[in-house]
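The values are calculated or read from the model by the stated rules, or taken from the named source; none is laboratory data. Being a predicted model, the structure only gives us computed values, none of them experimental. FYI the Cβ positions are ideal-geometry reconstructions off the backbone, even for glycines, and counts take in every protein chain you see. Protein only, heavy atoms only, side chains kept; ligands, DNA and RNA dropped before computing areas. Shrake-Rupley method; radii C 1.70, N 1.55, O 1.52, S 1.80 Å.
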Amino acid sequence: MQKLLINQGFLQKLSPQQIQFIKLLQVPTAELDARIKEEIEINPALEEGQEEIVKNEYDLAENDGNEYEESQQDDLDLDSYLQHEDMGGYKMYGDGSYNNEEDREFPVATHMTLHDSLFQQFGFLHLTEQERFLGLHLLGSIENDGYLRRALKSIASDLVFTQGIYTTECELNRVLKMVQALEPAGIGARSLQECLLLQLRRREQSDVTVQLALQTIEHYFEEFSKKHYEKIQRRLGISSEEAYDVLTLITKLNPKPGSVEGDDDRSHYLTPDFILSNHNGDLEVTLNARNAPELRINRTFSDMLDTYHKSDKTNKSVRETATFVKQKLDSAKWFIDAIKQRQATLMRTMSAILNYQYDFFLDGDETRLRPMILKDIAAVIDMDVSTVSRVASSKCVQTEFGLYPLKYFFSEGIATDSGEDASSREVKNILRELIENEPKRKPFSDDKLEKLLNAKGYNIARRTVAKYREQLNIPVARLRKQI
């Protein structure tokens, strides 16, 4: 109860602008366009469009000081609204490069079609002109369920006769592998078998169950499709429990990566909030803000205050109208300021993460990830931990080697004998390896795992071992025991 009262007291101290900003900060890029349209619908003082440079029709300085002096509680401060240059539009921006007409017409909504998502992801890759042309042609040949059913030989022939482009099956296959690296996993597969293999290859390769699933689909797919599970178990030489885990993993894969149940044509896909580019080792991050329109104050509403200032201020109806107009103008300005603050905060946070994890972003090598907690980034950008948490929990970045949620880069640090910190992800990988290689008839207890990790130089407590084991979905020792 005391905590609730404290939270309520905190919320009451926040200004309307701060509340507006907090709410907008948590909105994903894919939903921002809809949120802006919603605000425009409920607030006629806000509209889309470029800033208009219009001369103020009324100069406040011309007042002779004999105007009606409002002494009521709802007095209006007109100065900030009569200065039209302060009410200019605000163009949503990324790095300053999205201000041409072509970018403004970029079609993004809360839903993206499969092909919209694929074309957008493909545009982030650094390719030759030939590779880009072939890739776009392959993307156009992918069907709604995510499969590429046309033979590469047929596609190559079409390109020669219709486009005058000469290519080989080998070259097309190489570009197809780039397409198959896009999201969602399994896209561009030419068969169900290839589709499942593509998805399994995205999983943790050190996981024994994943390895067995790969062998099953790669070498015993016919038996799998005919549900000859006992035959697969015998050929792999595994226990019934292991076979069950393998089949459970495979059946959780998506046989139609281009479709979402009940929504085949218009599926939900992650839209990156940030785009990371690597220019010969020089990393650059930009904000994906193309789905946000230019915003400005509605000119008609701003002119209403000019009219009010020249009217009879003793008239109650006129004053009520002016109060309504001022409230809407306040709300519109607050919303525009919150959008600006949202973008600035996103860029500051992502830039700090980029600098902190620079080595990882160079090539995507997971072993280069440094231990990093929310407090580390909050200290760098001089913001509250809760602000960083809101950004990290709902945003993602597009890199040349995949789409990553920002929370992926945060992990605890474990002290080592060398005096340095190792990320919890590194420790979990070693913990998984220890359990995979343990004696099957006498699996390691958490106490034993603690000692083994300590012997490897990781200063970790038994309760932390238990926590990591549970996070890896690994049961306790007695349930891992095999007779």
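Rounded to whole numbers, the Karplus 3J(HN,Hα) couplings from phi for region 456-470 are 8, x, 9, 7, 10, 8, 4, 5, 6, 4, 4, 5, 5, 4, 5 Hz, using 6.51 cos²θ - 1.76 cosθ + 1.60 with θ = phi - 60°, and x at Gly and Pro.
How large is the Kirkwood hydrodynamic radius of region 348-483, counting all unique pairs of alpha carbons, in Å? Walk me through the numbers before you get to the answer.
Working: mean 1/r = 0.0606 Å⁻¹.
Value: 16.5 Å, from the Cα pair sum.
Derived scalar couplings between HN and Hα for region 19-26 equal 5, 4, 5, 4, 5, 6, 4, 7 Hz in order, rounded to whole Hz, by the Karplus curve 6.51 cos²θ - 1.76 cosθ + 1.60 (θ = phi - 60°), x for Gly and Pro.
So what are region 148-221's ellipsoid semi-axes, whole angstrom, largest first, if each one is the square root of 5 times an eigenvalue of the alpha-carbon gyration tensor?
Details: eigenvalues 181, 28, 17 Å².
They are 30, 12, 9 Å, listed from largest to smallest.
Near C396, the amide H atoms lying under 5 Å from its own belong to D273, F274, L406; only residues 5 or more places off or on other chains count, and H is placed 1.01 Å from N. The label point for V476 and the one for T300, both projected 7 Å from the Cα toward the Cβ, are 7.0 nm apart. Computed from point charges on the beta carbon alone (+1 for Lys and Arg, -1 for Asp and Glu), the dipole magnitude for region 317-449 about its Cα centre is near 860 Debye.
The heavy atoms of H228 present about 80 square angstrom of accessible area, all protein chains included, probe 1.4 Å. In the structure shown, the pairs K340/K428; K252/K407; K256/K428; K375/K467; K231/K440; K226/K252 are assessed against 29 Å; a Cα-Cα span above that value is assigned to K340/K428; K256/K428.
Each residue of region 432-443 was assigned a 3J(HN,Hα) from its phi angle through the Karplus expression (A = 6.51, B = -1.76, C = 1.60, θ = phi - 60°), giving 4, 5, 4, 6, 5, 9, 6, x, 5, 7, 9, x Hz with x at Gly and Pro.
Residues T286, T321, T251, ordered by accessible area of protein heavy atoms at a 1.4 angstrom probe radius and largest first, appear as T251, T321, T286.
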